[in-house]
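Notes follow once the structure below has been shown.
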Amino acid sequence: SISQNLKYKHKLTKRFLFESSLLHSFKEDENQLFISSNEPFLDLEFPIDYELNQNINSNRNSVSLSNKLNKSIGNKTALELSYAISNNESSFESKRENSDIINNLNINDVENQIGFKIEKASNSFFNYELGAFYSTVRRNQSSINQYLLPYASLVLKFNSSHSLSVSYRNTNGYPTASNLINH
């Protein structure tokens, strides 16, 4: 596996900060699964001296670009606007020896995400972050899914060593090809 992350920050004015990040990640796996059994397992009855030998190859390639514009509002409050685009590709191929079962699956997700967040962070007793993202995901150039992804975090800071925080975040999770196979 290999990953790169390039970040750029530029202070536009006293109250505006621009951030950009380019991320690339690649992971390749080659595995061999061997199962041998002559006893029942998880209520599955195997034939006597059951053996399974399976070769598995999987790849995952991700590229994303995200941009943020932060504006200071007052002393300890900030507003953030963001836009991100990402492309996530994964493939999975498995073949069982002495069997016709072959899995060969490719997934390509393209996501566009726009969002905002308002944040109050200081040494005061009460701090918060509130925001939402609107996301569209196109899978394999065929289906488009749309999501509204809210975010909230509340922090009560009693002193420098004691605080209580409660947060909620709704996010997208992408299945990898190996999560969607039948065998």
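The values are calculated or read from the model by the stated rules, or taken from the named source; none is laboratory data. What you are looking at is a predicted structure, and each value in this text was computed from that prediction instead of being measured. Here the Cβ positions follow ideal geometry from the backbone for every residue, glycine too, while neighbour counts run over all protein chains shown. All accessible areas refer to the heavy atoms of the entire protein, side chains included, with ligands and DNA or RNA removed. Shrake-Rupley method; radii C 1.70, N 1.55, O 1.52, S 1.80 Å.
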Solvent-accessible surface (1.4 angstrom probe) belonging to Ser163, in square angstrom, nearest 10: 80
Per-residue SASA entry for Ile102, accessible area with 1.4 Å probe, Å² rounded to 10: 100
J(HN,Hα) series, the range 133-139, from Karplus relation 6.51 cos²θ - 1.76 cosθ + 1.60, nearest Hz, glycine and proline x: 10, 9, 10, 10, 10, 9, 9
Formal net charge of residues neighbouring Ser153 (Cβ-Cβ distance under 13 Å; K, R +1; D, E -1): +2
Neighbour net charge for Ser122 - beta-carbon separation under 12 angstrom, K R +1, D E -1: +2
Residue of Phe18, Phe133, Phe125 that the Gaussian network model of the chain assigns the largest fluctuation, springs spanning Cα pairs under 10 Å: Phe125
Over the chain, relative contact order from alpha-carbon pairs under 8 Å, at least 6 apart, %: 14
Karplus-derived 3J(HN,Hα), 6.51/-1.76/1.60, for each residue of the range 7-24, Hz, glycine and proline x: 10, 9, 10, 9, 7, 6, 9, 4, 10, 10, 10, 9, 10, 9, 9, 10, 10, 10
Phi-based couplings in Hz for the range 157-166 (Karplus 6.51, -1.76, 1.60; Gly and Pro marked x): 9, 6, 7, 5, 10, 10, 8, 10, 10, 10
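Ranked from the most accessible area to the least, with a 1.4 Å probe and all protein chains present, what is the order of His24, His10? If you can, show how the numbers build up before the last one.
Numbers: His24 60, His10 80 Å².
My answer, sorted largest first, is His10, His24.
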Amide H contacts under 5 Å for Asn170, placed H, 5+ residues apart: none
Gyration tensor verdict on the range 1-139 (Cα atoms; rounded if a/c is under 1.5, prolate if a/b is larger than b/c, oblate otherwise): prolate
13 Å Cα cut-off, lysine pairs counted over the chain (separation 8 or more, or different chains): 10
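At a 1.4 Å probe, what is the % contribution of carbon and sulfur to the accessible area of the chain? Don't jump to the answer; show the numbers that get you there.
Working: 6820 of 12910 Å².
Roughly 53 percent of what the probe reaches on the chain is carbon or sulfur.
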Debye log10 I(q)/I(0) for the range 76-126, one point scatterer per Cα, at q = 0.26 Å⁻¹: -0.96
